[in-house]
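Here's the structure we're looking at; comments come further down.
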Amino acid sequence: MTAISERPYTAADTVRWAALALVFGAAMLNYMDRQALALLKPELEVQFGWTDGDYAHINSGFQLATIGSMLAVGWFVDRAGLRAGYAIGVGGWSIAQMTHVLVTTVTGFFTTRVALAAFEAINLPAAVKTVATWFRGDDRSLALGIMNLAPNIGAVATPLLVPVIALAWGWKMAFILTGALGFVWLACWFMLPRPAGPVEALPAGPERNWSAFFTLLADRRTWAITLGKFFTDFVWVFLLFWGPDLFNKMYGLETVGLSLPVAMVFLMAGVGSLFAGTLSSWLLAKGRSFNVARKTPMVIAALLAAPVFAVVWAPNVWVAAFLLGMTLAAHQMFSTSIFGLATDVFPSRMTGLVIGIAATIAGFSGLAMNEYTGWVRDNGGSWAPMLALCAGAKIVAVIVVHVLVPNIDRRRDAMVAAEAA
């Protein structure tokens, strides 16, 4: 068998950048839909009488559904194929987003967020699998960086659009319009030609059964990716769901006033994502090892995230936004490198399941951070404990990844040899 990373391109690969563009669009919509609630919180908590604990529980519904779905959707994407799997995911979460307008209670919003998360969970394994399918190892790093940039673009666009829509037509229209964009994406997705090769119907093999699942759980490579995400994913969850509220509570910014500071934070995050993919590709082009190309951005990310605890002393909103943006840029640098590590040491047909395992376990850190934040805020605490956790997360993650996979190239060579056998 020829290793996927070495398979020559065919004529059908002329549309691979179109496939990446659609993956980019899906990830944008994914984060626009999940972020809208955070931006509308100042208005909704007044209208419905939410406490910070209520808001935390609503977000925990999202996190619990994500955790419960990730293993299933990783298997589902590998089984159903990219075309059907992505369509079901995007169509389902678009409908769930629009149904926010039908609920008025904490329970109602909790249920709606569960539905949204269950379908949105499809996005990550499908996106990584698409990149692993369409791109060679030598340009996969850049493709992953571009893919990982998409949530940031969505998170930049959302604070610029949602508050304006809410101000002009009400908060319900904000949910309706952001959800409707998913159906535009679906029309474009079904116009895309199928990729060359047996991607849609890979033969059943050991990767598709429970034996493979437990084998992966015993694999140090799986735990490097999983723990790397576990010790960092909660940073993204905290700033996605609570960042607008931090600006609201610390600086008195209302819905429209949140637009520019929140957009700045996620714009910086996007720069970090693109920088990591570009840096890794540049290092590989210069003949550096995969070990250096992946771990260099990780170390830089750990250093960049460390000062975020100083937000509690920020003299104005723009200094705070810069510090928060720096830590999210660091997060995206680390995340891009983790996705790259997954595609380096596992064949593409297994990446859906590996990313599913990692995201499922890592989801518990986001759930814990969300509930902890609600508890601290309801009991009169400051933002300092959460920011301190964000500052130290990458340092711990870098150490864990290096201990579990000290030499990425050795693991990669073993994987390529096994595929070629």
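For region 248-275, residues that are buried (at least 22 other Cβ atoms within 10 Å of the Cβ), at pLDDT 90 or above and not aliphatic (A, V, I, L, M) total 1. If I filter region 69-81 for residues that are touching a residue at least 12 places away in the same chain (Cβ under 8 Å), closer than 15 Å to Gly182 by Cβ and among the basic types (Lys, Arg), do I get at least one hit? Scanning region 69-81 turns up no residue that is touching a residue at least 12 places away in the same chain (Cβ under 8 Å), closer than 15 Å to Gly182 by Cβ and among the basic types (Lys, Arg). Of all residues in region 394-405, those satisfying the criterion of being within 14 Å of Val299 (Cβ to Cβ) and in contact (Cβ under 8 Å) with a residue 12 or more places away in the chain are Lys394, Ile395, Val396, Ala397, Val398, Val400, Val401, His402. Evaluation of Ala126 against the conditions (1) at pLDDT 80 or above; (2) closer than 30 Å to Leu44 by Cα shows that the sole unmet condition is (2). Residues that are surrounded by fewer than 22 Cβ atoms within 10 Å (Cβ to Cβ) and out of contact with any Lys or Arg (no Cβ under 9 Å at 6 or more places or on another chain) within region 300-315 comprise Ile300, Pro307, Phe309, Ala310, Val312, Trp313, Ala314, Pro315, listed in sequence order. Note down all Cβ pairs under 8 Å where the first residue falls in region 367-392 and is free of Cβ contacts under 8 Å to residues at least 40 places away in the same chain and farther than 13 Å from Thr232 by Cα, the second is part of a helix (DSSP H, G or I) and β-branched (Val, Ile, Thr), and they're at least six residues apart or on different chains. Close Cβ pairs satisfying both conditions: Pro385/Val376.
The single condition from (1) over 17 Å from Ile361 (Cα atoms); (2) within 23 Å of the chain's Cα centre (by Cα); (3) modelled with pLDDT of 90 or more that Trp189 fails is (3). Report, by residue number, each residue of region 240-299 that is among the β-branched types (Val, Ile, Thr), in contact (Cβ under 8 Å) with a residue 24 or more places away in the chain and in a helix (DSSP H, G or I). Residues satisfying the conditions are Val256, Val262, Val265, Val271, Thr278, Val299.
The condition (being modelled with pLDDT under 90 and either farther than 23 Å from Arg410 by Cβ or surrounded by fewer than 19 Cβ atoms within 10 Å (Cβ to Cβ) (or both)) is satisfied by just one residue among Thr278, Thr296, Thr336, Thr327: Thr278.
Return yes or no: is Val164 of a type outside the set (Ser, Thr, Tyr), touching a Ser or Thr at 6+ places or on another chain (Cβ under 8 Å), assigned to a helix (DSSP H, G or I) and surrounded by fewer than 21 Cβ atoms within 10 Å (Cβ to Cβ)? Here the answer is yes, as Val164 does meet what is asked. Would you confirm whether or not region 122-135 contains a residue that is surrounded by fewer than 23 Cβ atoms within 10 Å (Cβ to Cβ), hydrophobic (A, V, I, L, M, F, W, C) and in contact (Cβ under 8 Å) with a residue 40 or more places away in the chain? Looking through region 122-135, none of the residues is surrounded by fewer than 23 Cβ atoms within 10 Å (Cβ to Cβ), hydrophobic (A, V, I, L, M, F, W, C) and in contact (Cβ under 8 Å) with a residue 40 or more places away in the chain.
Looking only at residues of region 226-279 that are of a type in the set (Ser, Thr, Tyr) and out of contact with any Pro (no Cβ under 6 Å at 6 or more places or on another chain), we find that the one that is farthest from Pro42 (Cα to Cα) is Thr278.
Residues of region 95-117 include at least one that is closer than 30 Å to Met298 by Cα and either surrounded by 16 or more Cβ atoms within 10 Å (Cβ to Cβ) or out of contact with any Cys (no Cβ under 6 Å at 6 or more places or on another chain) (or both).
If I filter region 383-405 for residues that are more than 19 Å from Lys229 (Cβ to Cβ) and touching a Ser or Thr at 6+ places or on another chain (Cβ under 6 Å), do I get at least one hit? Within region 383-405 (the criterion being more than 19 Å from Lys229 (Cβ to Cβ) and touching a Ser or Thr at 6+ places or on another chain (Cβ under 6 Å)), the answer is no, since none of the residues qualifies.
Applying the condition of being small (Gly, Ala, Ser) and out of contact with any helix residue (DSSP H, G or I) (no Cβ under 8 Å at 6 or more places or on another chain) to region 76-120 and asking which residue is modelled with the lowest pLDDT yields Gly81.
The values are calculated or read from the model by the stated rules, or taken from the named source; none is laboratory data. All figures in this text were calculated on a predicted structure; none of them were measured in a lab. Virtual Cβ from ideal backbone geometry, glycine too; neighbours counted across all protein chains shown.
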